[in-house]
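The values are calculated or read from the model by the stated rules, or taken from the named source; none is laboratory data. Quick caveat: nothing in here was measured; it's all calculated off a predicted structure. So basically every Cβ, Gly included, is an ideal-geometry build from the backbone, and we count neighbours across all protein chains shown. Just so you know, the surface numbers come from the protein's heavy atoms only, side chains and all, with ligands and any DNA or RNA stripped out. Shrake-Rupley method; radii C 1.70, N 1.55, O 1.52, S 1.80 Å.
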Amino acid sequence: MPLHVEIQLVAVVVAAACALPGVFLVLRRVALISDAISHSVLLGIVLAFFWVRDLTHPALVVAATATGILTVAMVEALHRSGRVKEDAAIALVFPALFSIAVLLIARYAGQIHLDVHSVLLGEIALSPFRRWEVGGIDLGPRSLWMMGGILVLNAGAIFLLWKELKLSTFDPALAAALGFSPVVLHYAFMALVSVTAVGAFDAVGSILVVALMIAPPASAWLLTDRLTLMVGLSMVLAVAAALTGFWAAWILDVSIAGSMAAMAGVGFLLAFILAPDRGVVAGLRRRARQRVEFAAMLLAVHLLHHEGTSDEWVETRIDHLQKHLRWSPDFARRVINRAEFAGWVRREGRERLRLTPLGRETARVGMTR
Amino acid sequence: MDGGFIPALFTDHTLRVVGLGAGAVGALAGSLGCFALLRRQSLLGDAVSHAALPGIALAFLLTGSRATPVLVLGAAVAGWLGTLLVMAVIRHSRIPEDSALGILLSVFFGVGLVLLTFLQRGPTAAQAGLDTFLFGQAATLLVQDVILVLSVGTVALLLLALSWKEVKLLSFDREFGRVQGIEMGRVDVLLTSLLVVAIVLGLQTVGVVLMSALVVAPAAAARQWTDSLGRMVVLAGALGAGAGVGGAWVSTLGDGIPTGPAIVLLASTVVAVSILAAPRRGILWDRIRRRRVHSRIRRGDLVPPGAGQTAAQAPSGGSIPMASPGAHGGGRED
């Protein structure tokens, strides 16, 4: 397989594996725990390395996952003690664990061939060079197998625990009342996040794992209200960020992991601005429409108020509306069109408006509302 | 370091510069961090320090200069823009704060990485320049860097002192401040900007990843010892300075002890001790008090509410109120 195809495969698998647990991180409002976990797993890796003296040993993954869970437990213990709040607890725990790891690496730099840069930044471009061979047969990049396994694990766990995760995410009280143990579920889920962070930091680094875990699910959440759809969309967006990021980096000759994170950010920005229902643009348009709608109602009430009075002849003139209601000519035109379209008013000649029976009824109801 | 720490501080030029720089950064981050802690913005520090990276790269790209003031300015602008973006996202969408911060820190960091690799074409070359800001290299601090930290830090703390009343209102009762006719939005912007300044000044010393600890740890420790904001800010500043100087000293003791992690571990130890042992709020203190109350109940001096008496009568039975963890005299700010 050509080099760039293998890199893209790794990128796609990493992105999809990260997006799955990311959905629940975003929905449960614990997004930043992923930041904490992805940093503190370094300590587990370093300690396990001192034990087994082999950077490819599976014990490293086990130890790193255990550190991830330990991080969550420490954050929760600190928070429960009532002495600091949760955000402060996160900000206290992971730098301390990360510092211990960096100190250990720096202290035993001669013995440990672990580059802190690659831990933080990852180097996905190197993943095709670390092969997995069994009995002399080359099976492909090691990280592809590892992340593939983690993707399957994540998908399987989320499929099996779907009902429990959904319920405890949206209604934790009901979940607890129905007898699901929120604590067990929480830690099982955090174990998934830890395993994913460990596997992914090898490829994209611990800081960019956060981008792949949070940005695609957050974008998907702006696009849909359905959980199943959100999971699917998150994976699609994550894969899209991985591929566009890869090609942008390939062409510009820059960091692939950084470019993938940047593309995940671009995706989020697009969703934030352009999402059909919840985007900024949709919100502005909705507000403009509501303004015209309200003004059309105001117009009907205005006409009703002056109906049959001596100044009716003046007050129903279109150009008078602009003066009396302080509408710009353009806005007045839009309001009249809206009221005409709704069948509340009709034009009399060129410059005068008259209420229809429906408009009269609407204005009466509108005034009492 | 034969003569110990204090003489070394006066004789060793490098240690003096590094210690002074780290101490100043610690004092500034510690005192301003109090407000981040109280306003539940502890992780803003983490996000801003990561978001500063593209600013550093762009400042270098635009000016071609590696001078600290230029890079710090770029970092501050990027950190600032990032903070504004997070505020906009929280206000105009249903994305909660933690996700917005997570996206900010990782995406900005990714963009920064792209820019740095673009600058130096090739990952290995980029890392040489990245080092300083990723992990901080206090050893690279120059005398003029320390002067920059000291002067900008002094101005920041002066601004804080001048707007003390408003800042205090913002932290504890924003609505009341608004009713008093103070533009709380502006105070918010001022305080957040001061925090951004403190963070970017600290990047060179402790680095991106560990900066959040320097913001939060001294404040969290100081919080355990006092209920007064003024004392808390001063104490946090002192603890931050102590951690900075101490960490600089520890890193000279052995080969390959990086300053940033040393500072952070010192500060973390202070937090752990404070949470355990601080008078009134400390966990040990709490245990002792509870044991005393229990033994009084056993002796029959004090009847717990609901046992033979109504709850309303219970407090009159003994002078010691029933203690529950953390719930004593203004011990919690929420």
A:H324 vs. criteria farther than 21 Å from A:R289 by Cα and open to solvent by 40 Å² or more (accessible area, probe 1.4 Å): yes
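So that you can scan it fast, the table gives a plain yes or no per residue for (1) among the aliphatic types (A, V, I, L, M); (2) closer than 23 Å to A:H39 by Cβ:
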residue	(1), (2)
A:I124	yes, yes
A:S127	no, yes
A:G135	no, no
A:S143	no, yes
A:I150	yes, yes
A:N154	no, yes
Candidate set from the range A:251-277 (those that are closer than 20 Å to B:R94 by Cβ and facing chain B (nearest Cβ under 7 Å)); member that is surrounded by the most Cβ atoms within 10 Å (Cβ to Cβ): A:A264
Of all residues making up the range A:294-315, the number that are open to solvent by 80 Å² or more (accessible area, probe 1.4 Å) and not in a loop (DSSP other than H, G, I, E, B): 3
Any hit, the range A:216-235, residues being closer than 19 Å to A:M146 by Cβ and away from chain B (no Cβ under 13 Å): yes
Helices (runs of 4 or more DSSP H) contained in the range B:132-193 and holding at least 1 residues open to solvent by 50 Å² or more (accessible area, probe 1.4 Å) and of a type in the set (F, W, Y): B:164-172, B:174-179
Evaluation of A:P329 against (1) farther than 30 Å from B:F108 by Cα; (2) open to solvent by less than 70 Å² (accessible area, probe 1.4 Å); (3) free of Cβ contacts under 8 Å to residues at least 24 places away in the same chain (one fails), failing number: (2)
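For residues that are hydrophobic (A, V, I, L, M, F, W, C) and touching a Gly at 6+ places or on another chain (Cβ under 6 Å), tally how many sit in the range A:67-102.
Looking only at that region, the number is 0.
Test A:G149 against the criterion of being assigned by TED's automatic domain parsing to the domain that holds A:L208 and in a loop (DSSP other than H, G, I, E, B), and give yes or no.
In short, no.
Return yes when B:V77 is open to solvent by 40 Å² or more (accessible area, probe 1.4 Å) and at pLDDT 90 or above and no when it is not.
Spelling it out, B:V77 is indeed open to solvent by 40 Å² or more (accessible area, probe 1.4 Å) and at pLDDT 90 or above.
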Subset tally (residues that are under 12 Å from A:L303 (Cα atoms) and open to solvent by 70 Å² or more (accessible area, probe 1.4 Å)) for the range A:335-346: 1
Matching residues, the range A:42-88, being assigned to a helix (DSSP H, G or I), open to solvent by 20 Å² or more (accessible area, probe 1.4 Å), out of contact with any Leu (no Cβ under 7 Å at 6 or more places or on another chain) and within 14 Å of chain B (Cβ to nearest Cβ): A:M74, A:A77, A:H79, A:R80, A:E86
Flag for B:V70 being farther than 19 Å from B:V189 by Cβ, away from chain A (no Cβ under 14 Å), modelled with pLDDT of 85 or more and over 20 Å from the mean Cα position of the chain (by Cα): yes
Selected residue [surrounded by fewer than 17 Cβ atoms within 10 Å (Cβ to Cβ) and either small (G, A, S) or modelled with pLDDT under 85 (or both)] from A:A157, A:A91, A:A109: A:A109
Which listed residue, of B:A267, B:A278, is crowded, with 21+ Cβ neighbours inside 10 Å, within 10 Å of chain A (Cβ to nearest Cβ) and either touching a residue at least 40 places away in the same chain (Cβ under 8 Å) or within 22 Å of B:L157 (Cα to Cα) (or both): B:A267
Residue check for A:L185: part of a strand (DSSP E or B) and either surrounded by 18 or more Cβ atoms within 10 Å (Cβ to Cβ) or aliphatic (A, V, I, L, M) (or both): no
Those residues of the range B:33-70 which are of a type in the set (A, V, I, L, M) and without any contact (Cβ under 8 Å) to a residue 24 or more places away in the chain, in sequence order: B:A59, B:L62, B:A67, B:V70
Checking B:A213 against (1) within 14 Å of chain A (Cβ to nearest Cβ); (2) open to solvent by 40 Å² or more (accessible area, probe 1.4 Å), the condition it does not meet: (2)
